[in-house]
Each structure stands twice: as structure tokens, then as C-alpha cells.
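What follows is a set of notes on a single structure, which appears directly below.
The values are calculated or read from the model by the stated rules, or taken from the named source; none is laboratory data. Note that the structure is a prediction, hence the values are computed from the model and not measured. Cβ coordinates were reconstructed from backbone atoms using ideal geometry, including for glycine residues, and neighbour counts include every protein chain displayed.
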Amino acid sequence: MIDLYFWPTPNGYKATIALAELGLLGKVIPVDILSGAQFDPEFLEISPNNKIPAIVDHDGPGGEKVSIFETGAILLYLAEKTGQLLPKDEIGRLEALKWLFFQVSSMGPMLGQAHHFRTYAPEPIEYAINRYTEEASRLYNVLDRRLSTHEYLADEYSIADISAFAWVRPRKMQGQQLEDYPHVKRWYDAIKVRPAVSEGLSVLSKNMKWKAKPGSDEWKNMFSNKKPD
Ligand SMILES: N[C@@H](CCC(=O)N[C@@H](CS)C(=O)NCC(=O)O)C(=O)O
């Protein structure tokens, strides 16, 4: 059994979609990051960087319980555990890993900054808005070029696609529109209709508030080193 520590955000949805694809979506433990639940000592034992998602597999390697944080590690763990969502041949696997790491190290952090400065920053900072919106466009162009010659990021649907899809979804917050990236659009439209993707995206979807301006305590919980008193 796998427990998922989750809040409905792009990184959270990578995990629910992958678990749904694998038929492993089970117990979901909400971690309300707006109210500061990510700082609970019990959660920090599992996710020392105070971020969702994280998983606990009660039947990990050797039948032992194991906990995992960081979506790249979670997705790779689930793919290796099940032998699914990662090409089996060495070259295909490498292709998927390259695009998975591209997502977690470039797309995720840069698009996250675009969300921050375009939506959450207490005051608009033109330089930062332009910097991260342009970087978002650059990254979408990298995806678009890849998808102009490949149906999926690797040669088959994989954890790399799940990872990138979850961040293309809130594209408006990044100042992007699919019409500017026809190959990303074709790929996105194909993934969005997968039943497991709908299932993954339905988890706690009513709690999804990340498009709204956070209140001041919420802002402190999410974006400052200081928790509210
Ligand atoms: N690199 C991490 C990023 C995870 C992340 O940024 N999670 C956000 C929600 S999308 C979070 O938990 N934020 C709470 C906080 O920073 O306090 C991963 O890929 O798992």
C-alpha cells in the first residue's frame, strides 16, 4: 500500500496521475501547504524540504517501509517498482530520464518563478515578470521542438510526459498559450483525455486555490522562511 502526502498543485498532480496510471492511487493524506501543514514534524520526517508531494510505500524494497520526497525520485521509484511508464530498452529509458530531469530541474523551478512573480508577489516587479515569462516561453519552445519529431518526450508515454504535463496545465499563470506551440498542444490534448489523468486530477480538486492571491498568513507559509506566529 502506498500513502500519498498531497496538496492539489502541479507537483502534487504528477504523483496522483502516475499513481492512477499504475492503479496504485490509494490513501491520500492532505497536507494543506497554505495553512503550514508542511512544517509538521511528522511530515518533515518524510519530506525534509517541507514540500509536497511525498509517498510512503509500506511494501518497499525487501518488503520494508520506505518514504520518498522529490517528484523526480517518486516518479522513478514508481516506474521501477512496477516496470511501467519507463521504456524498457536502455536508450529509451535514457531519453525518458533526460526529459524527466529537464522538467524537474528547469521547467518546474522556472515556471514556478513565473507563477510567483505573475500571481503571488505582493507587488508587481516588471523585470522579474518579464524574465520568468520569457524563460517560460523558451522552455515551451524546447518542448515544442522535441514534440515536433516525437509523439511523446521519450518514444512512448512515460513519467517524463506526466511530469511536464502537470506544469503545462497551469500555463496561463506562466503567460503561455498552447496555440503558440502546436506540437505541445497536440501532445497535451492527447494526454489530457487519458482516464487516469482525469482520475489523478480529480484528487482534492475542490481544495485547489493556487490561482488565487494568498492571504498574508498563507503567503508566509508558502514563501517566507518564517511561519506565522
Ligand atoms: N522539487 C520539488 C518541488 C515540490 C514543490 O515545490 N512543492 C510545493 C507545491 S507545488 C510545496 O510543497 N510548497 C510548500 C512550501 O514550499 O512550503 C519536487 O519536485 O517535488
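Entry remark, region 118-135: residues being of a type in the set (S, T, Y), within 22 Å of the chain's Cα centre (by Cα) and modelled with pLDDT of 95 or more number 2 in total. Any residue in region 89-103 that is within 13 Å of the ligand (Cβ to nearest atom), of a type in the set (A, V, I, L, M) and under 15 Å from L153 (Cα atoms)? The answer is yes, given that some residue of region 89-103 is within 13 Å of the ligand (Cβ to nearest atom), of a type in the set (A, V, I, L, M) and under 15 Å from L153 (Cα atoms).
G175 meets the conditions (1) more than 16 Å from the ligand (Cβ to nearest atom); (2) of a type outside the set (V, I, T); (3) at negative phi; (4) not assigned by TED's automatic domain parsing to the domain that holds K51 in every case but one. The failed one is (3).
The condition of being in the same structural domain as Q176 (by TED's automatic domain parsing), surrounded by fewer than 21 Cβ atoms within 10 Å (Cβ to Cβ) and not charged (D, E, K, R) does not hold for S67.
For region 44-73, give me each residue that is of a type in the set (K, R) and more than 16 Å from the ligand (Cβ to nearest atom).
Passing the criteria: only K65.
Filtering region 125-140 for residues that are within 13 Å of the ligand (Cβ to nearest atom) and touching a Phe, Trp or Tyr at 6+ places or on another chain (Cβ under 7 Å) leaves an empty set.
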